[in-house]
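The values are calculated or read from the model by the stated rules, or taken from the named source; none is laboratory data. What you see is a predicted model; the values in this text were computed from it and never measured. So basically every Cβ, Gly included, is an ideal-geometry build from the backbone, and we count neighbours across all protein chains shown.
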Amino acid sequence: MALIKSISGIRGTIGGKVGENLTPVDIVKFASAFGTWLQKSRNKKDLTLVIGRDARISGAMANSLVVATLQGLGINVIDLGLSTTPTVEVMVPELKADGGIILTASHNPKQWNALKLLNEKGEFISAENGAEVLSLAEKEDFNFAEVDELGNYETRTDAFDIHIDKILALPTVNAELIKEKKFKVVVDAVNSTGGIAIPQLLEQLGCEVVKLYCEPNGHFPHNPEPLKEHLGDICELVKKEKADLGVVVDPDVDRLALVDENGELFGEEYTLVAVADYLLKKQKGAAVSNLSSSRALRDVARSLGSEYFASAVGEVNVVTLMKEKNAVIGGEGNGGIIYPELHYGRDSLVGVALFLTYLAEESKTVSELRAGYPSYFMGKNKIELTPNIDVDALLTKLEKNYQNEELSTVDGVKIDFENSWVHLRKSNTEPIIRIYTEAKTQTEADELGEQIISEIKKLI
């Protein structure tokens, strides 16, 4: 079991010992630290925060603890209840709040939960700000409000409506054209809040919706990370229903995977590629993804006369580079779409609307659309970390072994070969080293991964 404090928030497994897991004491401590940090950085006590959660089993318990803690600091709380990460991000500036907290462990299994922390723009706080929050938590330097100054509490039930309305109002989303196509869509929302939000969006776009695992009860019927090996059920159902496509989201709805009409995975890396292809055909500009994302985005951007840039892994890093380059589109190869015209956050809802608009405009099937992109194949491996493994020293040794290749050390070590690459980095969300490879065939990608793992084992 674990408690991880990183750029991606405060994440851990429920239960166990204080300081080693995400216990009620730890939830209160980190909520106190964030609220205190906001009060200091905004230079006022009377703040308002927006709170939302995914449907995991521990969500209601964690939500109660966070709400009470913030009120105890004198902070007003607007509780969206069951929500999505992008919806909370949209609602923070919409409600002119001072920040937000999303209670979700994203793609992690049901025993995990987390506090994701937002600033007044509805964007994840920076690594520097996160370090300040962690320092406050360590010191437990909190000053709670007296009884007459406790924060107020209110709920909102219109957040999905507001979020979807903003998507439908985008000039790049053609709702009427999508309605004409009458798409049939199967949705797998892993029994979390995507089961509410995604069907609501699709129905407003005139789609026929077939629901699979859309009951938001937090009992995940399969591993919630939207990878091929976890998605056999929706692939079969798309074929059985003769649907036009399948839509898969993770528990907090910031990752989007697609299934074509033949029940084949579109490829989570290609969600961003397709949306970027659509948008960059309309407006030249920069596209951004992280170092672990497919070369296909770079190839598509350049073919359309646009630039491509790669950031360190982590949504905060992608957003920072997108702002620097004034990017038209960005995101992460795990199916995360960041469209600045709506907001700077990964958003599966806007991803669905943009993809369906492109599909409708092209009058192609999903498989035909996919066939038009460069074919790359990825391998995703990991090595479990033990306390005796010095990750930095390990990566430095590997770097020396490949010093004659094109190297990037912006985030871990990425080694670029002529027709393939490998990226090794310590995970922000789990006690592992992630090893991503990409090549022209799946066999080559897998063999490169096995080769690197073998070399690492010799170095440990």
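Selection of the range 111-131 for residues being surrounded by 17 or more Cβ atoms within 10 Å (Cβ to Cβ) and of a type in the set (Asp, Glu) yields Glu120, Glu123. Only one of the listed residues (Val366, Val413, Val350) is within 19 Å of Arg295 (Cβ to Cβ), surrounded by 15 or more Cβ atoms within 10 Å (Cβ to Cβ), of a type in the set (A, V, I, L, M, F, W, C) and touching a helix residue (DSSP H, G or I) at 6+ places or on another chain (Cβ under 7 Å). That residue is Val413.
Annotation note: of Lys45, Lys29, Lys40, the sole residue that is without any contact (Cβ under 8 Å) to a residue 24 or more places away in the chain, of a type in the set (Lys, Arg) and either in a loop (DSSP other than H, G, I, E, B) or farther than 20 Å from Glu154 by Cα (or both) is Lys40.
Checked against (1) within 20 Å of Ala353 (Cβ to Cβ); (2) out of contact with any strand residue (DSSP E or B) (no Cβ under 8 Å at 6 or more places or on another chain), Glu236 passes all but a single condition, namely (1). Of note, Gly81 does not satisfy the criterion of being in contact with a Ser or Thr (Cβ under 9 Å, 6 or more places away or on another chain) and assigned to a helix (DSSP H, G or I). Against the test of being under 20 Å from Ser375 (Cα atoms), touching a helix residue (DSSP H, G or I) at 6+ places or on another chain (Cβ under 9 Å) and either modelled with pLDDT of 95 or more or among the β-branched types (Val, Ile, Thr) (or both), the options Thr443, Thr437 yield a single qualifying residue, Thr437.
Restricting to the range 369-394, and then to whatever is part of a loop (DSSP other than H, G, I, E, B) and β-branched (Val, Ile, Thr), can you tell me which residue is surrounded by the fewest Cβ atoms within 10 Å (Cβ to Cβ)? Once the filter is applied, the top-ranked residue is Thr386. Note on the range 148-165: residues that are assigned to a helix (DSSP H, G or I) and among the charged types (D, E, K, R) total 4. If you check Tyr344 against the conditions, is it modelled with pLDDT of 95 or more, at negative phi and not in a loop (DSSP other than H, G, I, E, B)? So Tyr344 does not fit the description; no.
Residue by residue, here is whether (1) at pLDDT 90 or above; (2) not hydroxyl-bearing (Ser, Thr, Tyr) holds:
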position: Asn388; (1), (2): no, yes
position: Tyr402; (1), (2): yes, no
position: Glu406; (1), (2): yes, yes
position: Ile415; (1), (2): yes, yes
position: Ile432; (1), (2): no, yes
position: Glu450; (1), (2): yes, yes
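Residues of the range 410-447 that are assigned to a loop (DSSP other than H, G, I, E, B) and among the small types (Gly, Ala, Ser): Gly412, Ser420, Ser427. Here Ile4, Ile10 are screened, and the one residue that is of a type in the set (Val, Ile, Thr), at pLDDT below 95 and surrounded by 21 or more Cβ atoms within 10 Å (Cβ to Cβ) is Ile10.
Has the range 423-444 got any residue that is loosely packed, with under 14 Cβ neighbours inside 10 Å, out of contact with any Phe, Trp or Tyr (no Cβ under 7 Å at 6 or more places or on another chain) and of a type in the set (Gly, Ala, Ser)? No, because not a single residue in the range 423-444 is loosely packed, with under 14 Cβ neighbours inside 10 Å, out of contact with any Phe, Trp or Tyr (no Cβ under 7 Å at 6 or more places or on another chain) and of a type in the set (Gly, Ala, Ser). Restricting attention to the range 306-323 and to residues that are part of a loop (DSSP other than H, G, I, E, B) and not charged (D, E, K, R), the residue that is surrounded by the most Cβ atoms within 10 Å (Cβ to Cβ) turns out to be Val313. For the range 182-233, the candidate set comprises residues that are surrounded by fewer than 17 Cβ atoms within 10 Å (Cβ to Cβ) and among the acidic types (Asp, Glu); within that set, the residue that is nearest to Gly267 (Cα to Cα) is Glu229. The lone criterion from (1) within 20 Å of Ile51 (Cα to Cα); (2) touching a Gly at 6+ places or on another chain (Cβ under 7 Å); (3) free of Cβ contacts under 8 Å to residues at least 40 places away in the same chain left unmet by Asp161 is number (2).
Rundown of residues vs (1) touching a helix residue (DSSP H, G or I) at 6+ places or on another chain (Cβ under 9 Å); (2) closer than 28 Å to Arg11 by Cα, yes/no style:
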site	(1), (2)
Pro374	yes, no
Met378	yes, yes
Asn381	yes, yes
Pro387	no, yes
Asp392	no, yes
Leu407	yes, no
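So which residues in the range 8-26 are in a loop (DSSP other than H, G, I, E, B) and either in contact with a helix residue (DSSP H, G or I) (Cβ under 6 Å, 6 or more places away or on another chain) or not basic (Lys, Arg) (or both)? Ser8, Gly15, Gly16, Gly19, Glu20, Thr23 - these are the residues of the range 8-26 that are in a loop (DSSP other than H, G, I, E, B) and either in contact with a helix residue (DSSP H, G or I) (Cβ under 6 Å, 6 or more places away or on another chain) or not basic (Lys, Arg) (or both).
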